[in-house]
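For reference, the structure discussed in these notes is given below.
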Amino acid sequence: MDDQAEEIPDSAYVDEFPASLVLDGACMERGEQRFNIHCAVCHGLDGGGQGLVTKRALGLEQGTWVQPTSVYTESVVEQPVGRLFNSISHGVRKMPGFKEHISVEDRWAI
């Protein structure tokens with residue numbers, strides 16, 4: 001886990017998807033499928049930050065859980081796409097990196 005995504009200014013990230021990525025219905029469907037497999041357990045199926053793991057952790061009231069950021073917050077929506085890709089790849093705060101588990105293409109689709 002690494003806070004790298006928070007330390008690098010947004011201007012350092014790419015703000016466009018790779019030209020090789022075809023942004024069509026199939027890509028969106030694949031991204032949703034991969035999100036549901038790898039991300040929804042913490043972020044929730046709707047991306048609002050209330051996944052099953054989050055609900056359980058908050059219910060335990062141990063004070064060590066960091067609630068995942070909603071993908072709908074202004075800071076996430078306005079960030080360059082490369083920053084989100086970096087967060088998925090390398091992790092941020094308590095979230096581990098997924099570069100070993102999710103292919104490059106699927107990380108972009110997510």
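The values are calculated or read from the model by the stated rules, or taken from the named source; none is laboratory data. No experiment lies behind these values; they were computed from the predicted model shown. In this analysis, Cβ positions are derived from the backbone assuming ideal geometry, glycine residues included, and neighbour counts consider all displayed protein chains. Just the protein is used for accessible areas: all its heavy atoms, side chains included, with ligands, DNA and RNA removed. Shrake-Rupley method; radii C 1.70, N 1.55, O 1.52, S 1.80 Å.
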### Query
How do the helices (runs of 4 or more DSSP H) wholly within the stretch 2-97 filter down when requiring 1 or more residues that are hydroxyl-bearing (Ser, Thr, Tyr) and without any contact (Cβ under 8 Å) to a residue 40 or more places away in the chain: which remain?
52-60, 74-77, 81-90
### Message
When you check GLU100 against the structure, is it part of a helix (DSSP H, G or I) and of a type outside the set (Phe, Trp, Tyr), yes or no?
### Response
no
### Task
Quick one: which residue in SER103, SER70 is under 20 Å from GLN33 (Cα atoms), open to solvent by less than 90 Å² (accessible area, probe 1.4 Å), of a type in the set (Ser, Thr, Tyr) and in contact with a Gly (Cβ under 6 Å, 6 or more places away or on another chain)?
SER70
### Message
Among the residues in the stretch 32-44, are any surrounded by fewer than 17 Cβ atoms within 10 Å (Cβ to Cβ), at pLDDT below 90, among the β-branched types (Val, Ile, Thr) and over 13 Å from ILE110 (Cα atoms)?
### Response
no
